[in-house]
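Derivation of every value follows stated rules applied to the coordinates shown; laboratory data play no part. Computed from a predicted structure; not experimentally measured.
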Amino acid sequence: MDWTLEVVILPVSDIDRAIEFYRDKVGFHLDHNTVNEHMHVVQLTPEGSGCSIVFGDLPPQREMEPGSLKGLQLVVADAEAARAELTGRGVECSELMVFSPDDGGTFFGFADPDGNSWAVQQIRARADKPLIPVEHRGSFGA
């Protein structure tokens with residue numbers, strides 16, 4: 001039986017500011033932004049990912065303190081290019097850190113406006129063998 005992680009709830013203090021950061025600066029795809037008299041819930045997905053982030057004002061989404069999620073990890077084929085893309089969009093990133101010359105040993109990090117932190121790991125093999133083939137990508141949960 002497959003068990004897939006498809007949603008991570010991200011604690012944020014300002015929903016609109018978080019949408020702007022993750023969509024416009026980080027480049028995640030906005031899957032949905034649902035607002036009605038009962039809730040405001042947002043889902044965004046990184047390009048090529050099968051896992052999305054969700055934030056909003058429902059009780060389970062407010063149980064964690066904004067900014068308390070640390071060490072979420074993204075994987076890219078080229079960390080230097082990914083870092084340049086983010087800094088070009090105004091995201092403050094750490095310098096590249098090479099812990100090992102082996103594939104998977106290069107990282108950098110960034111945080112959202114609330115302080116939720118992300119590590120970005122370079123795995124060059126993802127360029128040729130993405131986890132989700134391009135032909136199967138789309139808007140998850142939309």
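For the reader, a short list of remarks on this structure follows.
- Of all beta bridges that DSSP places with both ends in the range 7-136, some 70 percent have antiparallel geometry.
- Fraction of C-alpha pairs exceeding 27 angstrom in the chain: 22 percent, rounded to a whole number.
- Computed lengthening from Trp3 to Glu47, 0.36 nm per intervening residue step minus Cα-Cα distance: 13.8 nm
- Per-selection Rg to Rh, the range 22-102 - Cα, Kirkwood hydrodynamic radius: 1.03
- Length-normalised contact order of the range 16-122 in % [C-alpha pairs under 8 Å, at least 6 apart]: 23
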